[in-house]
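Peer 1: Mind looking over this structure? Questions follow.
The values are calculated or read from the model by the stated rules, or taken from the named source; none is laboratory data. This one's a predicted model, so the numbers in the text were calculated from it and none came from an experiment. Because the Cβ atoms are built from the backbone with ideal geometry, glycine has one as well, and the counts that use them run over all protein chains shown.
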Amino acid sequence: MYIKNIGKVPLMTVKEKKSIFNKVTKEKTVKPLNSIKRTVSQRVKNMAKKHGITITFKRNNKRLYKSEAQIKKQIELKKKRKKKVVKKKRKKKVVKRKRKMKRRRK
């Protein structure tokens, strides 16, 4: 018996065939590392740094850049959240100072 991407395989039960088939098909769903863009534009990097968003993520123990569209979307969400949480400014209390009394000379 011959299965694509595996090679020659001895006779198996249907259950074993399905498990092998699932393993082979699942591997194809992961994007190859070559297809991901290596860098992100400087403008997007600065925006991400300003809003505290990481540009990279880990896949197969390697750091890869997120797509620019994904980073921009995260920045937009961060901006919306910041708008909702606006700190109220405290009013400064005006303190009246007491004037020093001048001493009269005798």
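Peer 1: So residue 32 ticks every box in (1) surrounded by 10 or more Cβ atoms within 10 Å (Cβ to Cβ); (2) modelled with pLDDT under 75 but one. Which box is left unticked?
Peer 2: Status for residue 32: all satisfied but (1).
Peer 1: Still on this structure, please answer the following. How about the range 49-75: which of its residues are surrounded by 10 or more Cβ atoms within 10 Å (Cβ to Cβ) and over 17 Å from residue 39 (Cβ atoms)?
Peer 2: 50, 51, 73, 74, 75 - these are the residues of the range 49-75 that are surrounded by 10 or more Cβ atoms within 10 Å (Cβ to Cβ) and over 17 Å from residue 39 (Cβ atoms).
Peer 1: Right, another one. Confirm whether residue 81 is part of a strand (DSSP E or B) and assigned by TED's automatic domain parsing to the domain that holds residue 46.
Peer 2: The answer is no for residue 81.
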